[in-house]
1. What residue among G38, H85, L12 has its Cα farthest toward the positive end of the dipole of the range 1-113, where the charges are +1 on Lys, Arg and -1 on Asp, Glu, each on the Cβ?
2. Please compute the modelled spin-label separation between M28 and T43, points set 7 Å along Cα→Cβ, answer in nm with one decimal.
3. Taking the beta-carbon count within 10 Å as an exposure proxy, list M182, M28 from fewest neighbours to most.
4. Once the piece of chain linking D59 and D91 is laid out straight, how much longer is it, given 0.36 nm per residue of separation minus the C-alpha distance between them?
5. Ranked by Cβ crowding within 10 angstrom, fewest neighbours first, how are S272, S217 ordered?
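Each reported figure results from applying straightforward, stated rules to the coordinates on display, with no laboratory input. From a predicted model like this one, the values you see are computed outputs, not experimental measurements. In this analysis, Cβ positions are derived from the backbone assuming ideal geometry, glycine residues included, and neighbour counts consider all displayed protein chains.
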Amino acid sequence: MSDQWLAFGAFLELPYWNRVWIIQELVMTNYQALIAWGNKTYTLQNLVTAFDTIWPLADTVALRICQARGRSDIGRLELHETIVHLKMILDFKKDCNAQDRYPQLANVLDLSRTASSSKPRDHIYGLAGLFQPNLSKIIAPTYTASVSDVFRDFTLSVIDVTGSLDIICQTRRGHDLEKSEMPSWVPDFSKEPGDYVTALYPLFHAAGTSKPLLEYSKDKNLLKCQGFVVDFVDGHGCNCRGGENDTHDVAQPITLLQPYKTPEDVIEALWSAILGGRDEHDVSKGTYELLLILPWLSRMFLDGHLEKTELWVLDRF
């Protein structure tokens with residue numbers, strides 16, 4: 001059984017599965033397409049059935065592979081992510097085939113951005129066959145144009161074809177190296193999106209079905225849109241991802257009076273609330289939050305869970 005786990009692990013870690021071009025190949029081919037690996041041959045349907053079977057136990061499968069390698073759980077997360085990625089592609093294929101239509105553009109782009117490619121432009125060109133015909137026919141692959149120009153022109157094409165600005169909602173903070181000149185409104189399609197809201201949920205349109213009124217500069221880098229200022233965001237806190245706080249994302253309000261000047265002040269205030277308003281000397285500051293614990297302490301005492309020697313807690317209020 002150990003050899004079988006080792007073989008399956010090697011199969012999952014083939015770079016083939018994580019390439020952006022594979023998404024289009026798997027989605028567009030039929031279920032009887034052959035997959036050859038070593039001296040074995042399988043149909044695509046065999047692969048779909050296998051992943052439907054192991055999916056509920058994906059984390060356990062990843063662990064078994066690591067154990068067969070004698071590495072405890074080293075590499076477990078990466079194997080689990082590979083299983084998830086391939087399952088997403090196969091489910092994507094089933095959905096497209098069942099509905100007999102072209103997939104939603106946001107879903108295609110989200111899948112592409114979780115895959116890898118030696119050429120960033122292929123995050124667009126490698127998926128052209130999955131786009132709606134009126135969009136794919138105006139995409140002419142050219143590897144002489146800069147990555148920035150390719151991503152910008154594609155974004156403008158999507159806006160033109162769909163009559164919507166939804167595509168710019170896939171923009172996330174920051175651009176990489178050679179794409180540093182890319183306009184801020186152009187998504188970096190080679191980077192994994194910060195979230196998948198655009199693919200999972202329809203965007204709310206305050207303007208209803210009206211089309212955006214826009215124009216762009218001669219070099220196409222500046223996009224101008226007409227609209228109404230309904231309100232504005234004066235400040236925001238940080239996002240917590242993976243247990244880490246991106247405190248550099250904190251934007252302090254500029255028009256509202258508030259006591260927290262820095263992220264450190266916010267953390268200190270939170271810590272004070274958790275400690276019930278006590279300082280480093282365990283002295284109560286007399287804040288009203290302490291009253292919230294009184295009912296609990298009283299019940300504990302009446303039920304006999306608190307000794308008389310512990311009543312000093314009540315005296316501190």
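1. Result: G38, furthest along the dipole toward the positive end.
2. Spacing of the two 7 Å Cα→Cβ label points: 2.2 nm.
3. On the way: M182 22, M28 13.
Lowest to highest Cβ neighbour count: M28, M182.
4. Working: separation 32, 0.36 × 32 = 11.52 nm, distance 1.83 nm.
Gain in length upon complete extension: 9.7 nm.
5. Details: S272 15, S217 10.
If I rank by nearby Cβ atoms, fewest first, I get S217, S272.
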